[in-house]
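Here is the structure we will look at, set down as structure tokens.
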Amino acid sequence: MYKNIFFYFVHRIINWLNERKQEIYFILMAILVLSAIGIGIHMYIYYRGTPMFENPTTIVEHFARPIFIGMLATVLMLALGTLFIHLVTMVPLKRISFFRMELEFDTAREKQIANQFLYTSTMLQNHTDNVKYLLENNLIEFKQVLQFLADSYKNSALEYNDELTLEVDVINFNELAGRKEGKLFNAIKKQSPVKSNTIFRNRLINGENLLVGSISVSDTQDLVMVVRRGYEHPFDIYDQETIESILGYATVLFDTVIMIQIMTKNNLLG
């Protein structure tokens, strides 16, 4: 319903902020501490030149000395600023709504997530048919198996949403031409320990969103699955898990095909 570029931009900003709460909190706290110290020093210098009381006599007047005023200003700014920062960073930004924007976005995304789970379960359920298709079409190399699954994923996504702009490529790691794809691939390989074999980056303002997955075929060869989507369809953790499932299942499917070939060759299937 809300397909205006402004609403997509606002939604992307909210997602971007929500994903970077810790970084935002650290930056705001650093700014707050420096600002509080600066204001405290400013108040001390100001009241040192123009004190509130020339000859303090009471306890309150004694505490109105420049050093105490500067300390009080610093403490108050730190206290109020910390409270404000906690409120800003702890608010679930994804629940900010503008009229019915939240409902529309969440509902559409829930349907998309359900479709991804349906695709994954169907992919596993059709294991026998997948093996049969690969053998009949002599698709027995790992890259061919992964490309078969990539095409299946693309067709399923486009069948669900014909307005989706989607490209899925399976290439060798040395065929990576784009700088962004290369950076994401290197980020995957540099993990120690390895936490995930996929990574994605969504464009904040405009352009294509990018998801890259990597799987090792041998000690010297890596295959890379590159998924590109239009700006209005950002990736999230569910997309990442779907691609990881495809990469993992590709190994199982490939091993099954090879095992059947060996058994057939040795007349072990009867």
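One table, with the values for the structure above:
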| read-out | value |
| --- | --- |
| Relative packing of 226-235, 20-29, which averages over residues the other C-beta atoms within 10 Å, highest first | 226-235, 20-29 |
| Surrounding net charge for MET29, when Lys and Arg each add one and Asp and Glu each subtract one, Cβ distance under 13 Å | 0 |
| Accessible area of the stretch 121-270 belonging to carbon and sulfur atoms, whole % at 1.4 Å probe | 50 |
| Ranked order, THR122, THR74 - accessible area, probe 1.4 Å, largest first | THR122, THR74 |
| From phi via Karplus (6.51, -1.76, 1.60), per-residue ³J(HN,Hα) for the stretch 147-157 in Hz, x at Gly/Pro | 5, 4, 5, 5, 5, 4, 4, 4, 5, 5, 5 |
| Dimensionless Rg/Rh of the stretch 180-224 - Kirkwood Rh, Rg from C-alpha atoms | 1.03 |
| Residue pairs, from the table LYS132/LYS190; LYS189/LYS265; LYS154/LYS183; LYS21/LYS180; LYS132/LYS183, whose Cα atoms sit over 31 Å apart | LYS132/LYS190; LYS189/LYS265; LYS132/LYS183 |
| Net charge of Cβ neighbours under 14 Å - reference ASN186; Lys, Arg +1; Asp, Glu -1 | +4 |
| Global geometry of the stretch 150-196, whether rounded, prolate or oblate, following the gyration tensor of its Cα atoms and the 1.5 cut on a/c | prolate |
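The values are calculated or read from the model by the stated rules, or taken from the named source; none is laboratory data. What you are looking at is a predicted structure, and each value in this text was computed from that prediction instead of being measured. Heads up, the Cβs are rebuilt from the backbone with ideal geometry, glycines too, and the neighbour counts pull from every protein chain shown. All accessible areas refer to the heavy atoms of the entire protein, side chains included, with ligands and DNA or RNA removed. Shrake-Rupley method; radii C 1.70, N 1.55, O 1.52, S 1.80 Å.
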